[in-house]
1. So for the stretch A:150-302, Kirkwood radius off the Cα pairs, Stokes-Einstein at 25 °C and 0.890 mPa s: how many µm² s⁻¹?
2. For helix A:244-253, report the angle its Cα long axis makes with the longest principal axis of the Cα atoms of chain A; keep it between 0 and 90° and round to the nearest 10°.
3. May I ask which residue of A:Gln327, A:Gly356, A:Val288 lies farthest towards the positive end of the charge dipole of the stretch A:281-371, with charges of +1 (Lys, Arg) and -1 (Asp, Glu) on Cβ and the Cα centre as origin?
4. Which of B:Lys36/B:Lys396; B:Lys101/B:Lys181; A:Lys315/A:Lys360; A:Lys20/A:Lys173; B:Lys94/B:Lys115 have a Cα-Cα distance over 29 Å?
5. Averaged over peptide B:297-309, how many Cβ atoms belonging to another chain are found within 10 Å of each residue's Cβ?
6. Rule-of-thumb check for chain A: C-alpha Rg over 2.2 N^0.38 Å?
7. Just add up the charged neighbours of A:Asn334: K/R +1, D/E -1, any other residue whose Cβ is under 9 Å from the Cβ of A:Asn334.
8. Tell me the mean residue ellipticity at 222 nm calculated for chain B from its helices only (DSSP H runs of n ≥ 4, each -39500 (n - 2.57), averaged over every residue, nearest 500).
Amino acid sequence: MIYSKTAGIIFSNSNDKALKEFTANRSMASLPFAGRYRLIDFAISNLVNAGIQNVGVITNRNYNSLLDHLGSGLFWDLDRKSGGLSIVPPFIGGNSKTDDELDCILRAIEYIKRRNCEYVVACESGFVANLDIKKIVEAHIEKKADVTLVYREAERPDKFAGTLKLKVDKDEKVASAENALLSKTGGKLTIGVHVFTRSAFNDILSTALNSENPAISEIISEKTGKYRVYGYEHKGFVGVIDSRKSYFETGMELLDKEVRDDLFNKERPIYTKTKDDMPTRYGLYSDVSNSIIADGCIIDGTVKNSVLFRGVRVKRGAVVENCILMQGVEVRENSTLKYVTSDKNAVIGGKAPITGTNRKAFIVKKNQVLTD
Amino acid sequence: MKNKQCVAMLLAGGQGSRLGVLTGKLAKPAVPYGGKYRIIDFPLSNCIHSGIDTVGILTQYKPLELNDYIGSGKPWDLDRSNGGVHILAPYQGKEGGDWYKGTANAIYQNLGFIKRYNPECVLILSGDHIYKMDYSKMIEFHKQSGADCTISVMEVPLDEASRFGIMHVASDDRITKFEEKPKEPKSNLASMGVYVFSFNMLEKYLSEDENNQNSSNDFGKDIIPAMLKAGEKLVAYRFSDYWKDVGTVDSLWEANLDLLNPKIHLNLSDPKWKIYSRTSELPPQYIGKTAKVENSLITAGCDIAGNIDYSIIFENVTVEQGATVEYSVIMPGAVIKKGATVRYSIVAQNTVVGEGATVGEEPDYNDAHEWGITVVGEGVKVKNNAVIGAKQMLRKEEDGETV
């Protein structure tokens, strides 16, 4: 069994800085997405759907909400006697590093040291995709690769520091891997999912640990000649959440059936913590169209082109258009919201409409009360 | 085993024959209810919220799906190292074994299970009622009143009383007489099928009943009358919140639509008393551009492009453009094709209602006897443009799948 020989690693704080509005009190990995998920659900589900039973989550800041979400790993079937989900938080003392990124790399090395695995799938946070990791690891083995970088074809580069722009030959062998931020044009861009052979993992991460710039992507880029580095194209949907603008846009892309069918592939379900909400209740005055609605909502107003998370309440006469409203948001009677992204449990309403624009959604903070 | 104050025994072996095609493949307690629940979620959730963590579930009829659904009991927080949920099916011993002959016999055969926990009292529940009840209050009442058996009752309209087991009580609510479905009821206190027995009394009367060759081994028909006759102390515990027996097609349909009635207080979203259920992993529902949804409950995995009014839609249901669903209950995985109309119906799991088909009819008040809820059984495929009238019940045939 190949998959008992593969371990997964998730860096939960990578790219936190891209989305300060929503990561002040949480890590990128625990960012709510698609009505009932957190970003990490996609990474863990991808690994679990490939049969991987050892998943280490490296945390370093603001990981309260993440721990609360993950629990024992039960919802991903990772509450196991042997292996399963391991949270790898920072610790003080020993050989821990004061620099956050270095410390994460150190802990990733230590975590893998204790696993009996031949391959490592390392995932950054900030991307959303339903990946067939089984196929990717199989390709890695078949090509006798040291490193396999999953990439997408994109028109323009994202804003993440670790993204690499690849040049590959016919056999997908990587000829060069450059920092994508240095390039203004798109192309074959990595999506933060790398497969390593154990020795290459140790070698690359140890090199990072001792280098001035500890980024893993940087070391891969430098060592492309030394290792057998391959690319693997993911042709399905990839959501990139590197700014508040892209958070909004990626959320809205879910209204496209093709995107939903790809992301919520029936063969590879996305698992998340269940909350036992009741079904969503539509009232006598509800008027809903082209929207994603999670369970536990109570809707008695108008909702169009929007994504509503669990337990959102839209009161009678309220109008919600082109909005993303996270868990527990309440929209008061007769208020109007257009192009609003609201964090959890906010109360929004008033006589004047609250409107953002297509390019810049209006942001409401967690627990904010915005009424007149 | 650590001693438990109270052990719950849930009678889940009934065939539920009055639900017709809905219980063709599964036991009544496993029948879907309320958009994402099964009937058995209610007593199980009540147990855990009432502090009862040891529950025996007595199964007999078509237990496969029910066993699967219960699993380790995790969704109800009943996966415990001490106590927890246990499926109790009939078994063979040295002296042979037998099917459960009646409700009392089912408990009698599992006295050994109860004894392991040495409880003060035993709570007997059934798997065909929708209600939220704090059993701990009833158990406290049982202890305070010094009763041997406490039976929860609720007042029903006198003209409906003949459908229930009816209690006669003295002024102190001590039970004086019990009548099973009396033709001319003289009391309106109906038994809810929830009993608390002091364990020693339960053991005594179950053993005596077992030795009585003429007994039908039923709590209502045999055990309660025997205890009354012997002068034991039986007390009624009054309950006045929502409670509904969902043993028939009409009552199951009604109990579902009750969730949409603002005058009926069955709050499933109370954070202190959530109804837990085993859910499958599904993305949120999508309400499409052409959809019109009013006064309904809809849950995860649904894709709605048609018109929904006054209905309960379970997970993974597809309602295509131009289709209409009114006053109906659509169970998991059903597909209502373009232009089809479903009214006053229960459509069971994984059925397909073909394009332009019509299922069910509005009530005809001139001919009330002929009218009734239409039921499309599990896995049935209703052909395009077919017309299925009121009160019909469609069953999936072994050979042909379409109707």
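1. 132 µm²/s
2. 80 degrees
3. A:Gly356
4. A:Lys20/A:Lys173
5. Averaged over the peptide's residues, the number is 4.
6. 1.01
7. Charge balance near A:Asn334 sits at +3.
8. So the helix-based figure for chain B works out to -4500 deg cm²/dmol.
FYI, it's all coordinate maths here, none of it is from the lab. Small disclaimer: the values here were computed from a predicted structure and weren't measured. Heads up, the Cβs are rebuilt from the backbone with ideal geometry, glycines too, and the neighbour counts pull from every protein chain shown.
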